[in-house]
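The values are calculated or read from the model by the stated rules, or taken from the named source; none is laboratory data. Every value quoted in this text rests on a predicted model; they were computed, and no experiment measured them. Note that we place each Cβ from the backbone using ideal geometry, even for glycine, and neighbour counts take in every protein chain shown. Areas reflect the complete protein model, heavy atoms only, side chains present, ligands, DNA and RNA absent. Shrake-Rupley method; radii C 1.70, N 1.55, O 1.52, S 1.80 Å.
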Amino acid sequence: MKNQPFFRAYPLNKWNIVTIVGYTLFSVGLLFYYLFANQPKVGILPVYLIVTQLGLYFGQYRAIRNVYVHAFWFMVGIAHLVTAYYIAHNPALSGVCGLLTNTLATVILLQLLRFASLKLQGKELVAADKGSFDMFKERKITWTDRLLFFVYFVCWIFGFKFFSVYSEKYLLNPIWVH
């Protein structure tokens, strides 16, 4: 692992393609629902965002090593950020703005934890599981892996709360207006 670059470019596998196409189709369907619904309700939106952010760690931790997959999720994070800006003034949807802004922070945090894992233990980050092996049975889980998962989860629960409140404040009143 020491001689490999941090991001590697290799062809997408079936799992990557299914995930990207499925996520894109579901997201576009959700977007059309919220664009054309007479009275859009928050409904599934928080669940969609929570599954996205936690799914990055549990289902994409290996795939996100590929620069193409990382670029896709980074663009998803930016799209969520732009969406948050546009729905911030809609009282029915403004409550999810914080969750929307968290997606980009989650993608960046995952890469920072990958970097920390490589520096601390010389191994790629894996998702901590209840057992002694990661979810894909790639390798044994170490205490460092468990600690990094704890950091991810704590940041997701508590740390991003601050980011959500702060970003929501500036989505409603952009800094360049002050």
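Structure summary
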| read-out | value |
| --- | --- |
| Cα centroid separation - the range 142-156 against the range 51-97, whole Å | 20 |
| Loop trypsin sites (Lys or Arg not before Pro), the range 79-146 (other Cβ atoms within 10 Å of the site Cβ: 16 or fewer; DSSP) | Lys123, Lys130, Lys137, Arg139 |
| Net length gained if the chain between Ala92 and Phe150 were fully extended (0.36 nm per residue, minus Cα distance) | 17.6 nm |
| Å² of accessible area per residue within the range 1-77, as computed with a 1.4 Å probe and no ligands counted | 61 |
| Additional length obtainable on full extension of the chain from Ala9 to Thr24, 0.36 nm per residue less Cα span | 3.3 nm |
| Shape call, the range 1-74: gyration tensor on alpha carbons, a/c limit 1.5 | prolate |
| Carbon plus sulfur fraction of accessible area for the range 1-110, probe 1.4 Å, in percent | 73 |
| Karplus-derived 3J(HN,Hα), 6.51/-1.76/1.60, for each residue of the range 114-119, Hz, glycine and proline x | 4, 4, 4, 4, 5, 6 |
| Pairs of alpha carbons in the range 15-122 whose separation is greater than 25 Å (percent) | 24 |
| Label point distance in nm, Ile17-Asn38, each placed 7 Å from Cα along Cα→Cβ | 4.2 |
